[in-house]
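I have placed the structure first, in the form of C-alpha cells, so that the comments after it can refer back to it.
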Amino acid sequence: MAKKSEKSVFWPEFGTIELRIAFKIVFFSTIIALMMTVLQISVDYAKDVDNVNRHFKTIENSYLKSLATSLWVMDPNQINTISQGIHSLPDVTYTEVTWDNGETIVSLGERPIDNKLERTFQLLYEGQKGKQQVGNITVVLSLEEVVERSFDRILLILLTNGLKTFAVCIFIFYIVRKHITKNLIKIANYLNSKESPGTLTLHENDRKKDDELAIVVDAINTMQLSLEEHINELKTHKVELEETVRVKTKALKESFEEKTSLLRIVCHDLANPLSIISGSAEILTSLDLSPEKTKERYAAIQRASHMMNEILLNVREMESVASGKKTIKLTPVDLREVFENICFVFRDRLIEKNIQINIDNQLPSGTMCMADPVTLSNQVLSNLISNAIKFSFQDSTIDLIARQEGDQVHIIVRDHGVGMSQEHLAEIFNPKRQTTRIGTEGEVGTGFGMPLVKTFMEKYGGEVEVESTSADIDPEKHGSSFHLYLKMAS
C-alpha cells in the first residue's frame, strides 16, 4: 500500500492537490490578468482619446480668432485656407464652416458614423461693439486608430500574461508536488491507519528540525479548535471592515460629486461677471469715453464685483455649514424682532419697486421658535425676501405670515410675482443644478440662495416647502409661496 501511495505522488491522477492548485492558480491568474488588461487598456485608451481631444484645444487657441476675422471681412480665400489648415491636423476627418444662419461655407472630408469626437465652436468676432457671432465651425476627429491600437494592445497583453501564468503554474506545480504533496499523503495515511504505524516521519529529504510540517504533525489535533475560532473571528472582522470601507467610500464619493457639481456651477456663475469686468476694462483702456459713459462702465465693474463676492460668500457659507466648521446653536427666537429687522434691511429695495410687505404675525404673545437668530434673519428670511422682491412686479405686495400649528411655528413668505415652472420648482433647492434666473427688472442672482435656505432649515431641525404658479399658466393668480416649519420653543 505504501508503494502505491508513493507512486501516486509522482504520477498524480486528475483531482489530486497539485492539479487543483494548478487549476485555481490558472483561474485566479487569468481573472487578475483580465482585470489588469482591462485596467491598462482603459488607461491607455483614455490617454489616447485625451491626446486626440487636444486637437480641439489647438483649433480653439490657434484658428478660431483668425477664422472669425475672415468671416467678418468675408474673405473666401482666407476662409478656405484656414479651413484646410484645420482639416490637415492629425485625426481630423470632417470640417464644416457655416454662417451664423446655418448656411454652409466650407465642407471638407466625410463625417464618420462611429468612433469619433465631434465639437462645434462659435466663431466670435470681437470689435468695438464687443463679441459678435459670425458663424460656426464643426470639427470631427476620428478614433479609428485609437481603437485599432487598443485591440493590438489587448492581444499582446493577453498573450504575454498567458505565457507568464503558464510558466508560473508549471513551476508551482513542481514545487508543491515535490515538497508538500508527498508529505501530506504520508500524514494522511498515518492518520487514517487503523493500526499504530509507529512514529510519523516526513520523507528523508524534508526531515528538518522544527520544520513547519513537523510542527503541524505535532499540533494538528490541539490547534484545530483554536484555528477555527480565529478563522471565524477574522471573517467577522473582515465583514465589518468591508462594511466600514463601503460606507466611507460611498460618503467620499457623494462628497466628491457634490463638490464637483458645486465647482462647475460656481465656474459657470463667475463667468458672466468676469466677462463684464473684462469687457468694461478693455473698453475703458482702449476707447476715449465721455465722463457719463466712463461712470457707467465703472458702475458695471462694481456690480459685477459685488455679484462675484456674493457668489463666493454664499458658497463659503454653504461649505462651512455642510462640513460642520460653522456650528449652529438653537435658541428661542422672537419673530417680531426678526420681521422688523427684515423690513429695515430691505427698505430701499422695496421703495425702488414700490412693493409693500404685509406682516401678519398670528403667534400668541411670548410664542417663539427654535433657530439661530442671526442666520434665520440674515440667511434664511433675507434670501426668501430678496427672492420675492426680485421676481415681484412694480406696485405689488409680499405677505410675511407667522402662525402656530400644533408644536410648530409656520412661517409663510408669499409673493405675487412671475412664479416658477414645475421643472424649475423641482430643482430649486438642489445645489448641483443651475437655477438662477433674471428678475422682473433685470436683477441677477447667485443661484445659491435657496440651497442655503434648505441647508439652514435642516440644521434647525425644520422643513422648507415651496409652491408656485407661473404667470404664463395663470395670468391672474400667480406667484410663489415658501413655507418654513420650525419647532416651537418650550
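The values are calculated or read from the model by the stated rules, or taken from the named source; none is laboratory data. All of these numbers come straight from a predicted model, not from anything done at the bench. No Cβ is skipped: glycine too gets one built from the backbone with ideal geometry, and neighbour counts run over all protein chains shown.
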Problem - Given (1) modelled with pLDDT of 80 or more; (2) closer than 23 Å to LEU384 by Cβ; (3) of a type outside the set (Asp, Glu), index of the condition LEU312 fails - result: (1)
Problem - Among the candidates PHE121, PHE173, residue that is surrounded by 14 or more Cβ atoms within 10 Å (Cβ to Cβ), among the aromatic types (Phe, Trp, Tyr) and under 30 Å from SER286 (Cα atoms) - result: PHE121
Problem - Out of LEU425, LEU400, sole residue that is modelled with pLDDT under 90 and within 16 Å of HIS483 (Cβ to Cβ) - result: LEU425
Problem - Pairs with Cβ under 8 Å, 6+ apart, first in the range 27-45 and under 29 Å from LYS116 (Cβ atoms) and in the same structural domain as SER142 (by TED's automatic domain parsing), second basic (Lys, Arg) and assigned to a helix (DSSP H, G or I) - result: GLN40/ARG153; ILE41/ARG153; ASP44/ARG149; ASP44/ARG153
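In the range 91-104, what residues are under 33 Å from the mean Cα position of the chain (by Cα) and either at pLDDT 85 or above or closer than 13 Å to LEU123 by Cα (or both)? Step through it out loud before you land on a result.
Kept after step one, since they are under 33 Å from the mean Cα position of the chain (by Cα), are these residues of the range 91-104: 91-95.
Of everything in the range 91-104, those that are under 33 Å from the mean Cα position of the chain (by Cα) and either at pLDDT 85 or above or closer than 13 Å to LEU123 by Cα (or both) turn out to be VAL92, THR93, TYR94, THR95.
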Problem - Top-ranked residue of the range 37-92 - restricted to ones that are among the β-branched types (Val, Ile, Thr) and out of contact with any strand residue (DSSP E or B) (no Cβ under 8 Å at 6 or more places or on another chain), ranked as surrounded by the most Cβ atoms within 10 Å (Cβ to Cβ) - result: ILE82
Fill in the blank from the handout: Within the range 55-82, residues more than 20 Å from GLU126 (Cα to Cα) and hydroxyl-bearing (Ser, Thr, Tyr) come out as THR81
Exercise for the section: Examine the range 459-469 for a residue that is touching a Lys or Arg at 6+ places or on another chain (Cβ under 7 Å), in the same structural domain as CYS343 (by TED's automatic domain parsing) and assigned to a loop (DSSP other than H, G, I, E, B), and state whether such a residue exists. Expected result: yes
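Looking at this structure, is SER377 closer than 20 Å to THR440 by Cα, touching a helix residue (DSSP H, G or I) at 6+ places or on another chain (Cβ under 9 Å), assigned to a helix (DSSP H, G or I) and not aromatic (Phe, Trp, Tyr)?
On the way: closer than 20 Å to THR440 by Cα: no; touching a helix residue (DSSP H, G or I) at 6+ places or on another chain (Cβ under 9 Å): yes; assigned to a helix (DSSP H, G or I): yes; not aromatic (Phe, Trp, Tyr): yes.
Judged against the criteria, SER377 is not a match.
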Practice task
Would you be able to say whether some residue in the range 466-475 is under 29 Å from SER305 (Cβ atoms), surrounded by fewer than 19 Cβ atoms within 10 Å (Cβ to Cβ) and of a type outside the set (S, T, N, Q)?
Solution key: no
Completion exercise
Output for Cβ contacts, cut-off 6 Å, separation at least six or different chains, first residue at negative phi in the range 352-381, second buried (at least 20 other Cβ atoms within 10 Å of the Cβ) and in a loop (DSSP other than H, G, I, E, B), reads ILE355/SER392
